[in-house]
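**Student:** Have a look at this one before I ask anything.
The values are calculated or read from the model by the stated rules, or taken from the named source; none is laboratory data. In this text, all values refer to a predicted model and were calculated from it rather than measured experimentally. Note that we place each Cβ from the backbone using ideal geometry, even for glycine, and neighbour counts take in every protein chain shown. The protein model used for the area step is the full one, side chains on, heavy atoms only, and it has no ligands, DNA or RNA in it. Shrake-Rupley method; radii C 1.70, N 1.55, O 1.52, S 1.80 Å.
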Amino acid sequence: METASFDFGMIGLGVMGRNLLLNMADHGYNTIGFDKDPAKVSSLESFASPGTTVKGVNTLPEMVKQLKRPRKLMMLVPAGPIVDQVINEVLPLLEEGDIIIDGGNSHYTDTLNRIKFLQDKKVHFVGMGVSGGEHGARTGPSIMPGGDVEAWHELKPILEAVSAKVNPPKNEPCVAYMGKGAAGHYVKMVHNGIEYAIMQLISEVYDVMKRSLELTNDELHEIFKKWTEGEMSSFLLEITSEIFLKKDEFTNNRLVDMILDKAGSKGTGKWTSQDAMDLPIPVPTIDTAVSLRDLSVYKEDRAAAEALYKPKIKLATKNKDRIAGQLHDSLFAATIICYAQGLSMLHKASAELNMEIPLKDVVRIWRGGCIIRSSLLELFTFAFKKDPRLSSILLHKKTASLLKKKVIALRRVVSLCASAKVPAAGLASALSYFDAFCSGKLPTNLIQAQRDYFGAHTYQRIDKEGIFHTEW
Ligand code: 6PG
């Protein structure tokens, strides 16, 4: 007879699920995995490190009965109806106190519905963001659980063991409780929005260097490598520098030059923008990144427009090193502004949706393991430790003094891109957001006047309390 000797069960043995389970096994936990695909089940054990306990099973009941109580099960299945399907299948097999975790990129409103559905079923439910891709899942991701506090305390030791660690020898784990309700998935969604924005910025800077400065892939590799070894180090810059070296297996070219310029997306960036609009809170650089991925898909229209308007990219033949330096600083400035937008969104959402998101812990656990990890998160951790209620990271003095120095280059680069005809919507939107955010006075008085003129929508005055309307 099978005994309940397993510490953790995984439903869904795709690369993420499998790797996270193997990671748990590497940390001494007895793990068991289930997938509907028998091939994934049978191959699971072959990936395990020697001396670890990893078992694959072909049915959910087989898995559930071998788990120690309270049972801890995670679903890593595609977001959407499949998650509900799995919950419905596993629920009758569970007992009071058992814990189900949804570790996928679920929309936070789905998570809220699931919390509601499960609240009188006496099992704990945790919506949890996991970032770091397949490699991170195996070696240490950043983990963003939210919701059920009791379940979090039960899960804490295992999640701390498998998460990324920063600041050796302190080895601080990149996992923390992200707040009430669907906070875990909400924080992950905004993480992805920031991810979209930073990727867009990097691609624009690359475009300038490739098409205006006419740098080779080797030169691009060197520049990005130098950047990531300096004050702006980040995971995304690191992988970017490596991408330029990868040779294509079918031609003599570099692989990056053979990849079609149509971007895919699974939707989390779009969700961030949609939800920011609903709050409302401005995240224009994230919006721009989503739009530009969308624009990339219209390749045929873009080609037709290119033939029609014949934009000629202006080449920067002189001062390439100086321009590269400006590109560095402009990317640095715009990246700070992207984080600022995302973090302000979390600040606002936390209050509006009653999630109590601890921003100081969000930036702390983003320092390692996740896709947007960068040296800047260390600075932001200090900022939120000092003032956990900071509404914008742009109001933090140290961040401001860094940004003041870098934003000069962002201004130059945006105007350089405009005159060189290199599209730089992300960089431009970051700069415009910054300029608007720093404007104690905006031209919105005119908008109010227009609204009142055509629709009697009323306005407030600068010199008197009250609501006014004018017959224009
Ligand atoms: C992560 C990533 C990941 C993301 C995918 C693809 O944090 O590990 O954010 O969760 O969903 O990499 O996202 P898109 O297909 O939307 O670009």
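**Student:** What's the carbon and sulfur percent of the range 8-177's accessible surface, probe 1.4 angstrom, rounded to a whole number? All intermediate terms of the calculation are to be shown ahead of the outcome.
**Tutor:** Numbers: 3720 of 6960 Å².
Roughly 53 percent, rounded to a whole number.
**Student:** Related question: Could you provide, to the nearest whole Å², the per residue accessible area of the chain with probe 1.4 Å?
**Tutor:** Values: 22920 Å² over 472 residues.
Per-residue value: 49 Å².
**Student:** What distance in nm separates the two pseudo spin-label positions at Ile447 and Glu219, each 7 Å out from Cα along the beta-carbon direction?
**Tutor:** Result for the modelled spin labels: 4.2 nm.
**Student:** With the dipole of the range 191-437 worked out from charges on the C-beta (+1 for Lys and Arg, -1 for Asp and Glu) around the Cα centre, which of Val363, Leu201, Ile393 lies farthest toward the positive end?
**Tutor:** It is Ile393, whose Cα lies furthest towards the positive end.
**Student:** Please give the helix 149-162 orientation as an angle from the longest Cα principal axis of the chain, in degrees from 0 to 90, rounded to the nearest 10.
**Tutor:** Computed tilt is about 80 degrees.
**Student:** Let me ask something else about it. Taking the Cα centre of each part, how many Å lie between the range 209-251 and the range 134-187?
**Tutor:** 31
**Student:** Round to the nearest 10 and give me the degree value, 0 to 90, for the angle of helix 299-309's Cα axis relative to the longest principal axis of the chain.
**Tutor:** Tilt relative to the chain: about 10 degrees.
**Student:** In debye to the nearest 20, how big a dipole does the range 8-177 give about its Cα centre with +1 on each Lys and Arg Cβ and -1 on each Asp and Glu Cβ?
**Tutor:** Numbers: 17 positive and 19 negative charges, 52 e Å.
Dipole magnitude for the range 8-177 comes out near 240 debye.
**Student:** Out of the DSSP beta bridges found with both residues in the range 8-177, what percent are antiparallel (nearest 5)?
**Tutor:** On the way: 8 of 28 bridges.
The antiparallel fraction comes to roughly 30 percent.
**Student:** Of all beta bridges DSSP finds with both residues in the chain, what is the antiparallel percent, to the nearest 5?
**Tutor:** On the way: 11 of 32 bridges.
So the antiparallel bridges in the chain amount to around 35 percent.
**Student:** Order Glu471, Glu300, Glu378, most accessible first, counting only protein heavy atoms with a 1.4 angstrom probe. Could the numbers behind the result be given before it?
**Tutor:** Details: Glu471 160, Glu300 120, Glu378 65 Å².
Heavy-atom accessible area, descending, gives Glu471, Glu300, Glu378.
**Student:** Based on alpha-carbon atoms only, what is the radius of gyration of the chain relative to the globular estimate 2.2 N^0.38 Å? The partial results should precede the final answer.
**Tutor:** Numbers: Rg = 24.6 Å, N = 472, 2.2 N^0.38 = 22.8 Å.
Taking N as the residue count of the chain, the ratio is 1.08.
**Student:** Something else: Give Lys65/Lys156; Lys36/Lys122; Lys170/Lys385; Lys122/Lys180; Lys121/Lys188; Lys210/Lys320 a once-over and call out the pairs whose C-alpha atoms are over 20 Å from each other.
**Tutor:** Flagged as over cut-off: Lys65/Lys156; Lys36/Lys122; Lys121/Lys188.
**Student:** Could you give the dipole magnitude of the chain about its Cα centre, charging the beta-carbon of Lys and Arg +1 and that of Asp and Glu -1, in debye to the nearest 20?
**Tutor:** On the way: 58 positive and 55 negative charges, 290 e Å.
Charge dipole, the chain, about its Cα centre: 1400 debye, nearest 20.
**Student:** Follow-up. Rounded to the nearest 0.05, what FRET efficiency is calculated for Met258 and Ile467 with R0 set to 56 Å and r the Cβ-Cβ distance?
**Tutor:** Details: r = 61 Å, r/R0 = 1.08.
E between Met258 and Ile467, to the nearest 0.05, is 0.40.
**Student:** When the helices in the chain are scored as -39500 (n - 2.57) per DSSP H run of 4 or longer and the sum is shared across all residues, what 222 nm value do you end up with, to the nearest 500 deg cm²/dmol? List each step's numbers first, then the result.
**Tutor:** Values: 19 runs with 249 residues, N = 472.
Rounded to the nearest 500, it is -17000 deg cm²/dmol.
**Student:** Let me ask something else. Can you pull the percent of Cα pairs in the range 42-96 with separation above 15 Å?
**Tutor:** Details: 866 of 1485 pairs.
Percentage above 15 Å: 58.
**Student:** Using 1/(1 + (r/R0)^6) with R0 = 22 angstrom and r between the beta carbons of Glu356 and Ala436, what's the FRET efficiency to the nearest 0.05? Please report the intermediate quantities before stating the final value.
**Tutor:** Values: r = 29 Å, r/R0 = 1.32.
After rounding to 0.05, the efficiency reads 0.15.
**Student:** Once fully extended, how much extra length lies between Glu62 and Thr317, figured as 0.36 nm per residue of separation less the alpha-carbon to alpha-carbon distance? Each step should come with its number before you reach the end.
**Tutor:** Values: separation 255, 0.36 × 255 = 91.80 nm, distance 6.68 nm.
Between Glu62 and Thr317, full extension yields 85.1 nm more.
**Student:** On to the next question. Note the angle between two axes, namely the Cα long axis of helix 81-90 and the longest principal axis of the Cα atoms of the chain, as a number of degrees from 0 to 90, rounded to the nearest 10.
**Tutor:** 20
**Student:** With all distinct Cα pairs included, what does the Kirkwood hydrodynamic radius of the range 89-167 come out to in Å, to one decimal, could you say? Display every interim value, and only then the final one.
**Tutor:** On the way: mean 1/r = 0.0742 Å⁻¹.
Its Kirkwood hydrodynamic radius stands at 13.5 Å.
**Student:** Here's something else I'd like to know. Within 10 Å of each candidate Cβ there may be at most 16 other Cβ atoms; applying that plus a DSSP loop requirement, which trypsin sites (Lys or Arg not before Pro) in the range 62-116 survive? Write out the running numbers ahead of the final one.
**Tutor:** Numbers: sites: Lys65, Lys68, Arg71, Lys72, Arg114, Lys116; in loops: Lys65, Lys68, Arg71.
Here the trypsin sites (Lys or Arg not before Pro) that fit, given the DSSP loop and packing criteria, are Lys65, Lys68.
**Student:** About its Cα centre, what dipole magnitude does the range 191-437 give when the only charges are +1 on Lys and Arg Cβ and -1 on Asp and Glu Cβ, stated in debye to the nearest 20? Please list the in-between numbers first.
**Tutor:** Numbers: 35 positive and 30 negative charges, 155 e Å.
Charge dipole, the range 191-437, about its Cα centre: 740 debye, nearest 20.
**Student:** Accessible area, 1.4 Å probe, largest first: how do Trp271, Trp152, Trp366 sort? Don't jump to the answer; show the numbers that get you there.
**Tutor:** On the way: Trp271 50, Trp152 25, Trp366 0 Å².
If we order Trp271, Trp152, Trp366 from most to least accessible, we get Trp271, Trp152, Trp366.
**Student:** Rounded to two decimals, what ratio of Rg to Rh does the range 43-151 give with C-alpha atoms and a Kirkwood Rh?
**Tutor:** Over the Cα atoms of the range 43-151, Rg/Rh equals 0.96.
**Student:** Between Rg and the Kirkwood Rh of the range 191-437, both from Cα atoms, what is the Rg to Rh ratio?
**Tutor:** On the way: Rg = 18.2 Å, Rh = 18.8 Å.
My calculation puts Rg/Rh at 0.97.
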